[in-house]
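Contents: one structure, followed by commentary.
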Amino acid sequence: MSIDQASWEAAIQHLYEDGFAIIATGPRRHEDWRADVLAVMERAAPDPRGWAGLDDTANERSPEHPAVPFCRPSFRDDPARPLTPADIGERLHEIDRASAENLLLALTGDGCTLRNLERFTESFDELKDMARTILARYGDTFTCHTNVSSVGHVATLDFGGESIGWRPMTYYGEDCGLVVVSDIEVGLFWAFGDI
C-alpha cells in the first residue's frame, strides 16, 4: 500500500479527533528502539517527514518534565525520576499486525474497546482501512508493541474478551498505547482516560 502525507494525516485526524491522545513519529537512530521511543515521548525527536500528529497533553509538559504525561508510576518508583529505555521495555510486549490494526481503532476513545467505533458513520472495514493506512507509513517490515493485554493472549489481543488490561505508562487512570518500530522510524499512538 502506498502512503502519502495527506492520507496519513486524514486518517489520524478522523480517527482521533474526539479522543484524548498523543500521536507522534520520530526517527529511528539507535539499535535499541526503546531509546527512540523515549525521545518521541520527550518531544525531542520531530517527525522526520514533517507530518502532523496530535498532542492533547502538550500543555502538561515542562522543561523539567519533558516526557509528561509519560512517567514512572508513583506506586512503584520515584515519580520524579525520568523514564528510561529499560522502563519502556518492561511495560511493552510485541503484538501481531492484526492486533495492532484493532488496537489503533480501540484507541479512538475511552476504555480501549472496539465499541468506540459506534460513533463513526463508516463501516468496520472502512475504519480498518484507515488503520492500515496509518500502519503503511512504517513500510512492510515493522514490529508493534503495546502495554495492553487481554486475558489468555500474548501476541494477539482479543477485543471480544471480557478484560483488557494495561501496564501504566502515565499518571492517567487509563493509558493504552501502541508503538510501531520500523528500520527508520518509531511511531507512538497513545490514548488516555481520566486521572
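The values are calculated or read from the model by the stated rules, or taken from the named source; none is laboratory data. This structure is a prediction, so every number in the text was calculated from the model and none was measured. Glycine also receives a Cβ, built like all others from the backbone with ideal geometry; neighbour counts cover every protein chain displayed. Quick note on the areas: whole protein, heavy atoms, side chains included, nothing else; ligands and nucleic acids left out. Shrake-Rupley method; radii C 1.70, N 1.55, O 1.52, S 1.80 Å.
Residues of segment 69-89 being closer than 13 Å to Leu38 by Cβ and modelled with pLDDT of 75 or more, which ones?
Of everything in segment 69-89, those that are closer than 13 Å to Leu38 by Cβ and modelled with pLDDT of 75 or more turn out to be Phe70, Leu83, Thr84, Pro85, Ala86, Asp87, Ile88, Gly89.
Provide a single number: the residues in segment 91-143 that are basic (Lys, Arg), open to solvent by 30 Å² or more (accessible area, probe 1.4 Å) and within 12 Å of Val180 (Cβ to Cβ).
Matching residues across segment 91-143 total 1.
Do you know which of the residues in segment 171-195 that are farther than 19 Å from Asp47 by Cα and open to solvent by 10 Å² or more (accessible area, probe 1.4 Å) is modelled with the lowest pLDDT?
Once the filter is applied, the top-ranked residue is Ile195.
Would you kindly identify the strands (runs of 3 or more DSSP E) lying entirely within segment 91-152 that contain at least 3 residues that are under 19 Å from Glu185 (Cα atoms)?
By residue number, 93-95, 143-146.
His14 fails exactly one of the following numbered conditions: (1) more than 29 Å from Asp158 (Cα to Cα); (2) in a helix (DSSP H, G or I). What is the number of that condition?
His14 satisfies every listed condition except (1).
So, in segment 16-52, of the ones that are under 24 Å from Thr113 (Cα atoms) and acidic (Asp, Glu), which residue ends up modelled with the highest pLDDT?
Among them, the one singled out is Glu17.
For segment 17-42, enumerate the residues that are part of a loop (DSSP other than H, G, I, E, B) and not acidic (Asp, Glu).
If the condition is that a residue be part of a loop (DSSP other than H, G, I, E, B) and not acidic (Asp, Glu), then Gly19, Phe20, Arg28, Arg29, His30 are the ones that fit.
Based on what the data block shows, is Asp36 open to solvent by less than 50 Å² (accessible area, probe 1.4 Å), among the acidic types (Asp, Glu) and under 19 Å from Thr146 (Cβ atoms)?
Criteria met by Asp36.
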